[in-house]
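Novice: Sending over a structure as structure tokens; questions will come in a sec.
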Amino acid sequence: MYRLYLRPFLLFLFAFGTIGWASITFAAGQNPIQIPPLKAHRTRPLIVIVADNKGTETTDLVVPHGIIRSAGIADLLVVSTHAGVVDLMPALKIRPDTTMSDFDREHPEGADIVIVPAMHDDRNRNVIAWIRQQFSKRAMVVSICEGAWLAARAGVFDGRRATTHWYAFDKMKRTFPRANWVRNQRYVVDGNVVSTTGVTASIPASLALVEAIGGRAKAQSVAAGLGVDGWSAAHDATPFRMTTGRLWRFAANYLAFWGHETIRLPVQDGFDEIALALAADAWSRTFRSQALVVEQAASIRSRNGLVLVPDVSAENSASSMEIPLLPPARILDDALSQIAARYGSRTSDIVALQLEYSTRH
């Protein structure tokens, strides 16, 4: 019932990260992202989000998809390692638009921008080689959270400034000394390479991309619809650290298997994928609950064209949680509040810790 990532327990605890827009105002500033020249015969950028079918982080993939598609300023494809369903982690399943091999046949010139989410297998040779190939074809590479492992192994960060999720930062700094690792920035831009901190940094980074492509007015309009004030790189990583109390909360929740439960999130065609991703990601990081979408339909399409594949069954005892009608970026605050009421504030704290999301007001 309680599905964990297929990694050793303690590594899973902190493999991905968080941010905070309710408590942080992303001040306006000059956008450092410069979009590379478009490939021949294109009138707007072709953006690819690369995915490993065996495990790709939920918010890292879904948030850029939702923001960029809703802005309408680029063509965007989810490109997977092979045909079939992509398992998102810690929750949800989707259908990709195409595969890496099919994309290469249809677009031999390559993508203009490649977005790299965190993946379960951050040593996947095919993904790393594909990123390296796209980078050699002058694509901008944007790593989200611990997608930085794949980008770094592709050589993208060599001699450049970069960042990643707070938990992975020191290890990546040791492993890839040729990069200049930067703390306390939500996202870092160095030429045609962009990298972000933990999971929820996908929101400001995606808005910065929208501004770079479509202009500030377009980005402000999209941000207002999301319920955020801006998208600067301002970030304080100080609160994001492991403590004894947090470690005990992870362990206690994991070991209390009798208290684990399934959370059903009702979804219909036209759903907001960003709201769903944030709710599902949060509930599936409590180490007490696993979020599922259980519907009769074989697939459900979001308002921005993401094809969700429901789970075929769930326990009869599953609890149903409606996603409230709030601006999408505010859904995480609502989920954390509900998690605190259901499991206690220490559990909502470890969820925010994993998402590198600041809950301070």
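The values are calculated or read from the model by the stated rules, or taken from the named source; none is laboratory data. Model, not experiment: these values are computed from the prediction. Because the Cβ atoms are built from the backbone with ideal geometry, glycine has one as well, and the counts that use them run over all protein chains shown. All accessible areas refer to the heavy atoms of the entire protein, side chains included, with ligands and DNA or RNA removed. Shrake-Rupley method; radii C 1.70, N 1.55, O 1.52, S 1.80 Å.
Novice: For Trp166, only one of the following conditions fails: (1) touching a Leu at 6+ places or on another chain (Cβ under 6 Å); (2) surrounded by 20 or more Cβ atoms within 10 Å (Cβ to Cβ). What is its number?
Specialist: Failed condition: (1).
Novice: Which numbered condition in (1) surrounded by 24 or more Cβ atoms within 10 Å (Cβ to Cβ); (2) closer than 19 Å to Asp112 by Cα is the only one that Cys145 fails?
Specialist: Failing condition for Cys145: (2).
Novice: Next up: Go through Arg153, Arg186 for me and flag whichever is of a type in the set (D, E, K, R) and buried (at least 22 other Cβ atoms within 10 Å of the Cβ).
Specialist: That would be Arg186, the only listed residue that is of a type in the set (D, E, K, R) and buried (at least 22 other Cβ atoms within 10 Å of the Cβ).
Novice: Does the range 260-280 contain any residue that is over 22 Å from Lys93 (Cβ atoms), assigned to a loop (DSSP other than H, G, I, E, B) and at pLDDT below 95? Step through it out loud before you land on a result.
Specialist: Taking the range 260-280 as the starting set, the residues that turn out to be over 22 Å from Lys93 (Cβ atoms) are none.
No, the conditions are met nowhere in the range 260-280.
Novice: A further question follows. Of everything in the range 312-326 that's surrounded by 17 or more Cβ atoms within 10 Å (Cβ to Cβ) and not β-branched (Val, Ile, Thr), which residue is farthest from His260 (Cα to Cα)?
Specialist: Step one: list which residues in the range 312-326 are surrounded by 17 or more Cβ atoms within 10 Å (Cβ to Cβ), which gives 314, 318, 321, 323.
Going one step further and asking which of them are not β-branched (Val, Ile, Thr), we end up with 314, 318, 321.
Values: Ala314: 14, Ala318: 10, Met321: 15 Å.
Result: Met321.
Novice: Across the range 101-139, what is the number of residues that are of a type in the set (A, V, I, L, M), over 18 Å from Pro45 (Cα atoms) and open to solvent by less than 10 Å² (accessible area, probe 1.4 Å)?
Specialist: Of the residues in that region, 3 qualify.
Novice: Please name all residue pairs, on different chains or six or more residues apart, with Cβ atoms under 9 Å, provided the first residue is in the range 29-58 and is over 17 Å from Val78 (Cα atoms) and the second residue is part of a loop (DSSP other than H, G, I, E, B) and polar (S, T, N, Q).
Specialist: Short answer, once both residue conditions are applied: Gly29/Ser232; Gln34/Asn192; Ile35/Asn192; Pro36/Asn192.
Novice: Starting from the range 131-160, keep only residues that are on the phi > 0 side of the Ramachandran plot, then list their pairs with residues that are assigned to a helix (DSSP H, G or I) whose Cβ atoms are within a distance under 7 Å, requiring at least 6 positions of separation or different chains.
Specialist: Pairs found: Cys145/Asp60; Cys145/Val199; Cys145/Ala201; Gly155/Arg132.
Novice: Which condition number in (1) more than 25 Å from Gly66 (Cα to Cα); (2) outside any loop (DSSP other than H, G, I, E, B) is the one that Ala148 fails?
Specialist: Only one criterion is unmet by Ala148, namely (1).
Novice: So how many residues does the range 35-47 have that are in contact with a His (Cβ under 9 Å, 6 or more places away or on another chain) and either part of a loop (DSSP other than H, G, I, E, B) or more than 18 Å from Gly215 (Cα to Cα) (or both)? Show your work before the answer.
Specialist: Of the range 35-47, the ones in contact with a His (Cβ under 9 Å, 6 or more places away or on another chain) are 39, 46.
After this cut, where a residue has to be either part of a loop (DSSP other than H, G, I, E, B) or more than 18 Å from Gly215 (Cα to Cα) (or both) as well, the list is 39.
The total comes to 1.
Novice: State which residue pairs qualify: first residue open to solvent by 10 Å² or more (accessible area, probe 1.4 Å) and inside the range 83-94, second residue part of a loop (DSSP other than H, G, I, E, B) and not aliphatic (A, V, I, L, M) in any location, beta carbons under 7 Å apart, and separation of 6 or more residues or different chains.
Specialist: Gly84/Asn53; Val85/Asn53; Asp87/Asn53; Asp87/Lys54; Asp87/Gly55; Met89/Tyr5; Met89/Gly55; Met89/His120
Novice: Tally up the residues in the range 215-243 that are assigned to a helix (DSSP H, G or I) and either open to solvent by less than 60 Å² (accessible area, probe 1.4 Å) or within 21 Å of Leu355 (Cβ to Cβ) (or both), please. Please lay out each step first, then the result.
Specialist: Residues of the range 215-243 assigned to a helix (DSSP H, G or I): 216-226.
Now drop any that are not either open to solvent by less than 60 Å² (accessible area, probe 1.4 Å) or within 21 Å of Leu355 (Cβ to Cβ) (or both), which leaves 219, 222-223, 225-226.
The qualifying residues number 5.
Novice: Continuing with the same structure: List the pairs whose first member sits in the range 333-361 and is on the phi > 0 side of the Ramachandran plot and touching a residue at least 24 places away in the same chain (Cβ under 8 Å), whose second member is open to solvent by less than 20 Å² (accessible area, probe 1.4 Å) and part of a helix (DSSP H, G or I), and whose Cβ atoms are under 9 Å apart, counting only residues at least 6 apart or on separate chains?
Specialist: Close Cβ pairs satisfying both conditions: Glu356/Cys145; Glu356/Val199; Glu356/Thr200; Glu356/Ala201.
Novice: Name the single residue that is farthest from Leu88 (Cα to Cα) among those in the range 284-296 being open to solvent by less than 10 Å² (accessible area, probe 1.4 Å) and outside any loop (DSSP other than H, G, I, E, B).
Specialist: To start, the set of residues in the range 284-296 that are open to solvent by less than 10 Å² (accessible area, probe 1.4 Å) comprises 284-287, 289-291, 293.
Applying the additional criterion that residues be outside any loop (DSSP other than H, G, I, E, B) yields 289-291.
Working: Ser289: 16, Gln290: 13, Ala291: 12 Å.
Among residues in the range 284-296 that are open to solvent by less than 10 Å² (accessible area, probe 1.4 Å) and outside any loop (DSSP other than H, G, I, E, B), the one farthest from Leu88 (Cα to Cα) is Ser289.
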